[in-house]
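Just below is one structure, and these are the notes that go with it.
The values are calculated or read from the model by the stated rules, or taken from the named source; none is laboratory data. What you see is a predicted model; the values in this text were computed from it and never measured. Please note: Cβ atoms are built from the backbone with ideal geometry, for glycine as well, and neighbour counts cover all protein chains shown.
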Amino acid sequence: MKGSVDTLLTLAVQFALMSLFAIGGANAALPEMHRLAVEVMGWMTDRQFTDMFALAQLTPGPNVIIVALIGYQAGGLAGGAVAMLGMCGPTCVVAYVMGRVWDRFKEARWRTAIQDGMVPVSLGLLAASAFVVAMIADTSAGTVVVTLVTVVVAYATKLNPLWFFGIAGVLGALGWL
Amino acid sequence: MSESTEIAAPPPGPTSAWALFRTFARISLYGFGGVLAWTYRILVEEKRWLSDVQFNELLALAQFLPGPNIVNFSVVFGSRLYGKAGAVAALGGLLGVPLLAVILMGLVYARFGELAALRGALAGISAAAAGMIIAVVAKLSKPLFVRPLGPGPLVAIVCFVAIGVLRWPLVWVLVVLAPLSVALAYWRRA
């Protein structure tokens, strides 16, 4: 199944479609990625999905690279490449075009309406991501505590995320979670 | 602290698309768990290629456009400086090294993914990363819920329930919800 043309086509089409509705960034699309990769296509288990998520966090760079990992898991190197192209290609074209014309409509009422209207939608998407990721990542009392402590400290301070990942990773590696 | 520099010449931008590529590659390497903070630090504070107002305007556009925010940001920023070459340079810099790194991660995972210590470490990191997203949501929702503007909070809650709890497909939820939310915002401005 790995690397089959069907898988590659599914990766390209599904990620391209998803990207056009991913308002609020790559993390906002996590529930849809999970739905696709685990529930619909069965490319991986819940546990493998959270592993991909953790690996993407551990890798420097934009969060969107989780898409390369999912594609890689589903269809090898070609799968990773195709999934990333699907996720970034169409939206880059949109961004390129919009970046050139957007400022011309600064005063237009529909422009502010689009901006205002999209804020709560993207927030709802991100909240859904937080919920979905927490549901599959928090499988023990220890991991629940890690999530809660991170919420409080990250909300109250500007501590570098690497501290959270480092401490939680060590606690996990020691088998304490 | 002087404010008289407003009329002075704009700060020098990158000297070439290659400089753009190198700078975005550097930004990507610093950014763990997202690169936005580093984009601000390097483009605004260090290089002074953008003022903070310009940065915020560009970010607002990048966030409202579909797709990964920072990818959109790099494409729009690069294209405004050097057209297509600029867009490709900024995007290539942003994604090039992280893609190689993540493939390496994938290889390590395929080889050692069942080791108990690695399994535990990844479980801990996922739990922390979930907490990071929740904290971001809490920060972002404050203005929306403290000073509710029209139907905003309701739209956010419906979106959350449909996607997060009911697990409905993203495309169908947004095809209905996005135009509705924009229309409501349009009328409210009337």
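Scanning the range B:136-184 for residues that are outside any helix (DSSP H, G or I) and of a type in the set (D, E, K, R) yields B:Arg147, B:Arg167.
Examine the range B:61-82 for a residue that is loosely packed, with under 15 Cβ neighbours inside 10 Å, in a helix (DSSP H, G or I) and either basic (Lys, Arg) or assigned by TED's automatic domain parsing to the domain that holds B:Ala17 (or both), and state whether such a residue exists. Within the range B:61-82, not a single residue is loosely packed, with under 15 Cβ neighbours inside 10 Å, in a helix (DSSP H, G or I) and either basic (Lys, Arg) or assigned by TED's automatic domain parsing to the domain that holds B:Ala17 (or both).
In the set (1) farther than 16 Å from A:Ala22 by Cα; (2) within 7 Å of chain A (Cβ to nearest Cβ); (3) over 20 Å from the mean Cα position of the chain (by Cα), the condition left unmet by B:Ser181 is number (1). Tell me yes or no: at least one residue of the range A:41-51 is more than 7 Å from chain B (Cβ to nearest Cβ), touching a helix residue (DSSP H, G or I) at 6+ places or on another chain (Cβ under 8 Å), of a type in the set (Asp, Glu) and under 30 Å from B:Ala116 (Cβ atoms). Yes, the range A:41-51 contains a residue that is more than 7 Å from chain B (Cβ to nearest Cβ), touching a helix residue (DSSP H, G or I) at 6+ places or on another chain (Cβ under 8 Å), of a type in the set (Asp, Glu) and under 30 Å from B:Ala116 (Cβ atoms).
The residues of the range B:27-45 that are buried (at least 17 other Cβ atoms within 10 Å of the Cβ), in contact (Cβ under 8 Å) with a residue 24 or more places away in the chain and either part of a helix (DSSP H, G or I) or not assigned by TED's automatic domain parsing to the domain that holds B:Asn72 (or both), listed by number, are B:Ile27, B:Ser28, B:Leu36, B:Thr39, B:Leu43. A:Phe165 passes every criterion in (1) modelled with pLDDT under 95; (2) more than 7 Å from chain B (Cβ to nearest Cβ) apart from (2).
Considering A:Phe105, A:Phe164, the condition of being crowded, with 18+ Cβ neighbours inside 10 Å and aromatic (Phe, Trp, Tyr) is satisfied by A:Phe164 alone. Criterion applied to B:Leu118, B:Leu104 was being out of contact with any Gly (no Cβ under 7 Å at 6 or more places or on another chain) and surrounded by fewer than 17 Cβ atoms within 10 Å (Cβ to Cβ), and the one residue passing it is B:Leu104.
So for the range A:128-135 (the condition being in contact with a Ser or Thr (Cβ under 8 Å, 6 or more places away or on another chain), surrounded by fewer than 24 Cβ atoms within 10 Å (Cβ to Cβ), of a type outside the set (Asp, Glu) and under 18 Å from B:Ala135 (Cα atoms)), does at least one residue qualify? Yes, there is a match, as at least one residue in the range A:128-135 is in contact with a Ser or Thr (Cβ under 8 Å, 6 or more places away or on another chain), surrounded by fewer than 24 Cβ atoms within 10 Å (Cβ to Cβ), of a type outside the set (Asp, Glu) and under 18 Å from B:Ala135 (Cα atoms). Considering only residues that are at the interface with chain A (Cβ under 8 Å from one of its Cβ atoms) and closer than 20 Å to A:Val101 by Cβ, which ones fall in the range B:38-72? Matches in the range B:38-72: B:Ala60, B:Leu61, B:Ala62, B:Gln63, B:Phe64, B:Leu65, B:Pro66, B:Gly67, B:Asn69, B:Val71, B:Asn72.
Looking across the range B:122-158, the residues that are within 20 Å of the chain's Cα centre (by Cα) and of a type outside the set (A, V, I, L, M) come down to B:Ser126, B:Gly131, B:Lys139, B:Ser141, B:Lys142, B:Pro143. Pairing residues of the range A:133-155 that are within 7 Å of another protein chain (Cβ to nearest Cβ) with residues that are among the aromatic types (Phe, Trp, Tyr), at Cβ distances under 8 Å and at least 6 apart in sequence or on separate chains, gives A:Val133/A:Phe53; A:Ala137/A:Phe53; A:Thr150/A:Phe164; A:Ala154/A:Phe164. Here B:Leu104, B:Leu94, B:Leu115 are screened, and the one residue that is out of contact with any His (no Cβ under 6 Å at 6 or more places or on another chain), farther than 16 Å from A:Gln57 by Cβ and modelled with pLDDT under 95 is B:Leu115. Selection of the range B:130-182 for residues being closer than 30 Å to A:Val145 by Cα and charged (D, E, K, R) yields B:Lys139, B:Lys142, B:Arg167.
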